[in-house]
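> This is the structure I want to talk about, given as structure tokens.
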Amino acid sequence: MVAPVVLVIGVIIGFPLVRGLYLSLTDANEANVQRDIGVNHIPATYKFTGLDNYKAVLSDGVFWDRLGWTVAWTVACVAVTFLLGLTLANMLNRKLRGRTFYRLALILPWAIPAFISVFTWRMLYNEKNGILNQLLAGGGIDAIPWLNDPTWAKLSVIAVNVWLGVPFMLVTLLGGLQSIPGELYEAAEMDGAGAWQRFRHITVPGLRAVSSTVILLSTIWTFNMFPVIFLLTRGGPGDATEILVTYAYRLSFVDSPRNFSESATWGVLILVLLSAVAAVYRRALRKQGEVW
């Protein structure tokens, strides 16, 4: 019964993973890989180099700089997304007029392809003709270089990623809220518990299982969020917003000569980091009595 799924996963995920791991142990680049030029077939001449690529990457300050910003970007995006999603989910879990409309409006960013959303935000951030700076100009405020200043660029990409991630967080947490029995809130209210006490002692424990899952998924997605960074800033200005995955892409597809082995090394290191995060997170949840 599971053979078709295993086969598909093996072809789509397993082969590229094994291939990438192998390339990371070689010196493969644009000049020594197998290729065809017209009718001429040039065989591969790259060699096995062992762990040399890993030693070079881990001893290079570029990796640690990219890792520092990637971690900061991930923590900021996940934290803000979770807090906004939880706040909106609590608001929409109540009876209010137009609740269905609000739910649809908040889910809308999730329904739009990510690249369209990012290009729209890029237009909004335009320093000369963007709507955001035009609104600021109307209030007598100077234009802000949203994507041309390192600090503003970092804040801008975080804002866009949060905007894209809130719908998923909202829908998931709203489902978790609706699974909490209403009798618990009624009993707590009759016992004199205030809104904060009900939230702390009923809502938070009731959402623990759902929250742990969405936080882990959001962390993995954000850590590897290629479209937002690449389409919005291309890692710029300079390399201010470059995260690990966009730099790995740059090594293999942008820079010349293309360095396939080093790019694969970065990819393997990203996989190792995320696997370690997932393992530590799972262990912490098990200590708290959660099953995952």
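> Can you order the peptides 258-271, 168-181, 91-104, 236-249 by their average number of other Cβ atoms within 10 Å per residue, highest first?
Ranking the peptides 258-271, 168-181, 91-104, 236-249 by packing returns 258-271, 236-249, 168-181, 91-104.
> Turning to a different aspect of this structure: Rounded to the nearest Å, what's the spacing between the alpha carbon centres of region 264-281 and region 168-192? Just the number, please.
What the calculation gives is 35 Å, centre to centre.
> Could you name the lysines whose alpha carbon sits less than 20 Å from that of residue 154, not counting residues in the same chain fewer than 8 places away?
128
> Can you tell me the accessible area per residue over region 59-287, all protein chains present, probe 1.4 angstrom, in square angstrom?
Roughly 55 Å² per residue, with all protein chains present.
> How many times 2.2 N^0.38 Å is the alpha carbon radius of gyration of region 1-136?
Ratio of Rg to 2.2 N^0.38 Å for region 1-136: 1.71.
> Once you order the gyration tensor axes a ≥ b ≥ c over the Cα atoms, which shape class does region 11-57 get: rounded for a/c under 1.5, otherwise prolate or oblate by comparing a/b with b/c?
oblate
> Still on this structure, please answer the following. Could you state the number of Å between the C-alpha centres of region 116-140 and region 208-232?
26
> Pop out the Kirkwood hydrodynamic radius of the chain from its pairwise C-alpha distances, inverse of mean 1/r, in Å to one decimal.
Evaluated over the chain, this radius sits at 22.4 Å.
> How much of the accessible area of the chain, in percent, comes from carbon and sulfur atoms when a 1.4 Å probe is used?
Reported share for carbon and sulfur atoms: 66 percent.
> How big is D, in µm² s⁻¹, for region 177-292 by Stokes-Einstein at 4 °C and 1.567 mPa s if Rh is the Kirkwood radius over C-alpha pairs?
Estimated via Stokes-Einstein, D reaches 74 µm²/s.
> List the trypsin sites (Lys or Arg not before Pro) within region 115-205 that fall in a DSSP loop (any state other than H, G, I, E or B) and whose Cβ has at most 11 other Cβ atoms within 10 Å.
Counting only loop positions with at most 11 other Cβ atoms within 10 Å, the trypsin sites (Lys or Arg not before Pro) in region 115-205 are 128.
> Based on the mean of other beta carbon atoms within 10 Å per residue, what is the order of 214-222, 4-12, most packed first?
The packing order, highest mean first, is 214-222, 4-12.
The values are calculated or read from the model by the stated rules, or taken from the named source; none is laboratory data. Nothing here was measured: the structure is a model prediction, and the numbers come from that model. Please note: Cβ atoms are built from the backbone with ideal geometry, for glycine as well, and neighbour counts cover all protein chains shown. Protein only, heavy atoms only, side chains kept; ligands, DNA and RNA dropped before computing areas. Shrake-Rupley method; radii C 1.70, N 1.55, O 1.52, S 1.80 Å.
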